[in-house]
């Protein structure tokens, strides 16, 4: 979230699209209710289903799953052609005036530089025109046809209300009503928040769904303000934290990234990431990359990391390609993976195309499960009748199942969607012989280390030198680890302006990332968490809920990254002269008397940079401003374009009916053998989509008695028209089939899933909750991901769970 | 004849004609009222965070036992934390069932091992499990570690063993796991944020 849960109370309009907060995040959704009750805020829900969020909305618009970019592209067109934008904001704080390279082009759905064999782009034309001064050329008059504003206007002019309605199946008047409500927040004293979740991410064009939403918010000046923002409602209690800590194949902590094979030179690796400002007077905060990187290496390898060995740069593994979950299961399926460790992750249930995942696991030599619960993955080799029909005798995988603690049995911190790190405390011992995750990881690691110590082996240096200064080496404590990622001074850290002044003494915890140095004098395992545990103590454990400004900031409750800031980009809530656009919702302002920015939040800005210096609010971008034109940051193009889901009920992309290459996302990676696993509408005519219920949490709560009682049995939801067509009655058992397999479930016939008019014909949707499996207290059921396709978003490889093709029949 | 309330019920239950005893003026003495003690009054309260979605609701966990060494805690109630600025004491239908998650019969209680081709789990000690896993990992790493690629570039990666990390585990676990995975040269490494 750019903003945070409580901040939703400050909004005038809520758009829930690609999410269902009332059911999936009920206690956060309360702040929508609060805004409705106390600010007369209104709620719009755009969703393929009439969800419980929709049930309490002021306006609901249906949409065909997988067509969000068409809808939002239509909103952009509406805002631009009706001039409903925040003029000063977009002119000053975005790239509206930046000129794009003349070579950049877009023809019938494909951007310049496409290679159809590789299904990827050469992005060299996706950039700015650069001036002799080394800065981007701009046209403040916005008249140049190559300026981002003019190019964006031309790009989205094609998304007319008629086109949107025909692609999305949203009635035209409903679409226009939503546009009109959204447009009202272009006024400087009005704002909208967008709340989204997996309904936007789980598509082959998921990242661009979110980008298009962010573009709408930027046009309206709704980023950086109280009650505004792009608010990702994350799906697990610490999915934010593990992302922040870089537990993804290509990441290091704090959104630093691992080098590629070609990046053999350490200096070049840093320079590429420490972008220099692209406009005069901009901060470009990533210029500090080396300070974060060196401090990270010092945290991991201590004295072994020296200037001479480039702080152990060569010890980091280098990437020849992405190793995301889908790629790893593909490799496993090809017999290239021998071992796999699942720590609290149940891929048999949560990865797409169960038959491929199950077959891949069976090719492993060893599988290690670390979990509080008996997961389906841990028993992938066991015959569970129709729900997991395998022959154990044929599966040669050795499996270890190690019991771990749950939340109630450990101390530690979790990062909520609000980016707040909250400490929790242990209430009881775990059952039986279960151990904490830290003890389990240490148990494995220390034995591996011993083997290398005694017998040597492949490149043991990073293992033997890994810092391990724990009072109980076999059980590193949460306190020690939290202090390590928060960071400390290894030598006295002095003020760069006055080197006689010591800011932090050697051995002390740092106050924040501003104190990090690139000379090896600081150690910090995750720069964005820096300051979470300072000499003041564990700030994550703070419990002062006072809200002196009355807008819900509670700065002394726990600790938010970065720097305890609660609303990102909050400088953009003020006009160029430093005055809040809406004084009734003031987050920060420039105080000329003290020469500082300040207010209800920690400024997301250089705190002493006066407005007249012209530094812009988006300090993490080298441009200093927000980007509509994504340059080379996205896989499938600088402007989001509508592509059909990989499996679509339409034969072509209505935006580009004659270009087969532009039917589905041209940059989405598909493994060779998987093309044959995609279904066509003649056999699988209905749109399948998966989702969660308010009574269950993923595949966990089927193990909890209360939840198992209130939602005991697998079901699917279909509309009345489809039920009638197929002769299915409420309560009948049905078989839902995709090209990859089938599930059997009880049919719920409901008005909440409706038939849509798409491209002149009727399109039906089959809705499927995901929560069942063959372990736990609920009635055994099929794993819903039996049905889903093995393809992901072109940027993140997040699987396309939200839009695929199925057929349905009465059993 | 004085009878206590309890004796009176015993007499009543004893049999024939007892229902008429009251009618004969044979009634018990004054009832001694006792308010049932508030169940949570003698429990230990611990502050925690709901492990489900990312709203990060504060929860209060109530357990029997006072954290003395010889009095192992037993969690008997979990509710929303009223001091918490986000959930203000509330919990949703998922969070309301947290107690049943903690005490689920699906909780694993001891390390288990499934041999190749076997139809069942067998118990294994922690030490044996760690030792065997470490051996499998080292053997695989030694055999398949790539120090240099075909072009002779230093790459130091190990991609024949992978790992999925838990996004309900703490930052401290996540940090330790990240550090260990990269020290081994692992790249086939993700968490639930990927899906």
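Kindly establish whether residue A:73 is closer than 25 Å to residue A:152 by Cβ, in a helix (DSSP H, G or I), within 22 Å of the chain's Cα centre (by Cα) and not assigned by TED's automatic domain parsing to the domain that holds residue A:697. Taking the combined requirement at face value, the residue satisfies it.
The residue that is nearest to the other protein chains (Cβ to nearest Cβ), among those in segment A:362-385 that are buried (at least 24 other Cβ atoms within 10 Å of the Cβ) and either part of a helix (DSSP H, G or I) or without any contact (Cβ under 8 Å) to a residue 24 or more places away in the chain (or both), is A:381.
Of the candidates B:181, B:193, B:188, B:165, the single residue that is more than 7 Å from every other protein chain (Cβ to nearest Cβ) and without any contact (Cβ under 8 Å) to a residue 40 or more places away in the chain is B:181. Which residue is surrounded by the most Cβ atoms within 10 Å (Cβ to Cβ), if the candidates are limited to segment A:456-468 and must be without any contact (Cβ under 8 Å) to a residue 60 or more places away in the chain and more than 8 Å from chain B (Cβ to nearest Cβ)? Step by step, filter segment A:456-468, then rank; the result is A:460. Sort out which residues of segment A:640-664 are buried (at least 23 other Cβ atoms within 10 Å of the Cβ) and either in the same structural domain as residue A:127 (by TED's automatic domain parsing) or in contact with a helix residue (DSSP H, G or I) (Cβ under 6 Å, 6 or more places away or on another chain) (or both), and write them in order of number. Listed by number, the residues that qualify are A:640, A:642, A:653. Residues in segment A:137-151 that are assigned to a helix (DSSP H, G or I) and surrounded by 22 or more Cβ atoms within 10 Å (Cβ to Cβ): A:148, A:149. Would you check if there is a residue in segment A:682-702 being assigned to a strand (DSSP E or B), on the phi < 0 side of the Ramachandran plot, within 30 Å of the chain's Cα centre (by Cα) and within 14 Å of chain B (Cβ to nearest Cβ)? Looking through segment A:682-702, at least one residue is assigned to a strand (DSSP E or B), on the phi < 0 side of the Ramachandran plot, within 30 Å of the chain's Cα centre (by Cα) and within 14 Å of chain B (Cβ to nearest Cβ). The residues on offer are A:337, A:357, and the sole one that is in contact with a helix residue (DSSP H, G or I) (Cβ under 6 Å, 6 or more places away or on another chain), at the interface with chain B (Cβ under 8 Å from one of its Cβ atoms) and crowded, with 24+ Cβ neighbours inside 10 Å is A:337.
Pull up segment B:81-94, narrow it to residues that are in contact with a strand residue (DSSP E or B) (Cβ under 7 Å, 6 or more places away or on another chain) and facing another protein chain (nearest Cβ under 8 Å), then point me to the one that is surrounded by the fewest Cβ atoms within 10 Å (Cβ to Cβ). Residue satisfying both the conditions and the ranking: B:83.
Would you confirm whether or not segment A:212-222 contains a residue that is under 14 Å from residue A:418 (Cβ atoms) and touching a helix residue (DSSP H, G or I) at 6+ places or on another chain (Cβ under 8 Å)? No, segment A:212-222 contains no residue that is under 14 Å from residue A:418 (Cβ atoms) and touching a helix residue (DSSP H, G or I) at 6+ places or on another chain (Cβ under 8 Å).
Listed here are the residues, each with its yes/no results for (1) at pLDDT below 95; (2) in a loop (DSSP other than H, G, I, E, B); (3) under 30 Å from the mean Cα position of the chain (by Cα).
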| residue | (1), (2), (3) |
| --- | --- |
| A:401 | no, no, yes |
| A:426 | no, yes, yes |
| A:433 | no, yes, no |
| A:440 | no, no, yes |
| A:443 | no, no, no |
| A:457 | no, yes, no |
| A:469 | no, yes, no |
| A:476 | no, yes, yes |
| A:480 | no, no, yes |
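Counting only residues that are more than 9 Å from chain B (Cβ to nearest Cβ) and in a strand (DSSP E or B), segment A:252-273 holds 3 of them.
The set of residues in segment A:330-354 being over 21 Å from the mean Cα position of the chain (by Cα) and more than 25 Å from residue A:443 (Cα to Cα) consists of A:330, A:331, A:332, A:333, A:334, A:335, A:336, A:348, A:353, A:354. Based on what the data block shows, is residue A:757 under 24 Å from residue A:63 (Cα atoms) and touching a residue at least 40 places away in the same chain (Cβ under 8 Å)? Here the answer is yes, as residue A:757 does meet what is asked. Taken over segment A:608-632, the criterion of being loosely packed, with under 14 Cβ neighbours inside 10 Å and free of Cβ contacts under 8 Å to residues at least 60 places away in the same chain is satisfied by A:608, A:612.
Within the option set B:141, B:107, B:114, being touching a strand residue (DSSP E or B) at 6+ places or on another chain (Cβ under 7 Å) and over 23 Å from residue A:362 (Cα atoms) holds for one residue only, B:107. Yes or no: residue A:728 surrounded by 19 or more Cβ atoms within 10 Å (Cβ to Cβ), outside the structural domain of residue A:372 (by TED's automatic domain parsing) and over 30 Å from the mean Cα position of the chain (by Cα)? Here the answer is yes, as residue A:728 does meet what is asked. Just give me the residues in segment A:217-234 being crowded, with 24+ Cβ neighbours inside 10 Å and within 14 Å of another protein chain (Cβ to nearest Cβ), in sequence order. Scanning segment A:217-234 gives A:231, A:233, A:234. Summed over segment A:310-334, the residues that are facing chain B (nearest Cβ under 7 Å), part of a helix (DSSP H, G or I), buried (at least 24 other Cβ atoms within 10 Å of the Cβ) and touching a strand residue (DSSP E or B) at 6+ places or on another chain (Cβ under 6 Å) give a count of 2.
Within segment A:411-436, the set of residues being surrounded by 24 or more Cβ atoms within 10 Å (Cβ to Cβ), more than 7 Å from every other protein chain (Cβ to nearest Cβ) and closer than 16 Å to residue A:343 by Cβ comprises just one member, A:436. Candidates are the residues of segment A:476-503 that are out of contact with any strand residue (DSSP E or B) (no Cβ under 8 Å at 6 or more places or on another chain) and within 11 Å of chain B (Cβ to nearest Cβ); the one that is nearest to residue A:522 (Cα to Cα) is A:485.
The values are calculated or read from the model by the stated rules, or taken from the named source; none is laboratory data. Because the structure is a prediction, the values reported are computed rather than measured. Reconstructed Cβ throughout: ideal geometry from the backbone, glycine too, with neighbour counts over all protein chains shown.
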